[in-house]
Amino acid sequence: MISLGLWILTALIVLVVVMFHAGALLDFIRPSVLQTQLFGLHITLFGVVVILAYEGGHGIGVFIGLIGLFTGILGSFRDSSKPKDKKNI
């Protein structure tokens, strides 16, 4: 049985990743390609830590790792050019 703390931690990680993707999609934040890839790498490594730390947490760890992998791959395909429609005042 997976502990309640692991479920809460997983929900927080999913919430943070969804907020990150929503902010990047709506242009609230403009992370570089490298920052997005490193964020995905950190989430993936955290999934590995969950797999190693919890005996029954293999499914949750793989789920977190796949979220991190998706984030890192998505960061590779982002357009890294700066928007040119803003004027310097």
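Which of the residues belonging to the stretch 33-51 are free of Cβ contacts under 8 Å to residues at least 24 places away in the same chain and among the small types (Gly, Ala, Ser)?
Gly47
So, of the residues in the stretch 48-74 that are of a type in the set (Gly, Ala, Ser) and within 17 Å of Thr36 (Cβ to Cβ), which turns out to be farthest from the chain's Cα centre (by Cα)?
Ranking the candidates gives Gly65 first.
Does Leu15 qualify as being hydrophobic (A, V, I, L, M, F, W, C), at pLDDT 90 or above, loosely packed, with under 11 Cβ neighbours inside 10 Å and under 26 Å from Ser3 (Cβ atoms)?
Here the answer is yes, as Leu15 does meet what is asked.
The values are calculated or read from the model by the stated rules, or taken from the named source; none is laboratory data. Keep in mind that this is a model prediction, so the values were computed, not measured. Positions of Cβ are generated from backbone atoms using ideal geometry, with glycine treated the same way; all protein chains shown enter the neighbour counts.
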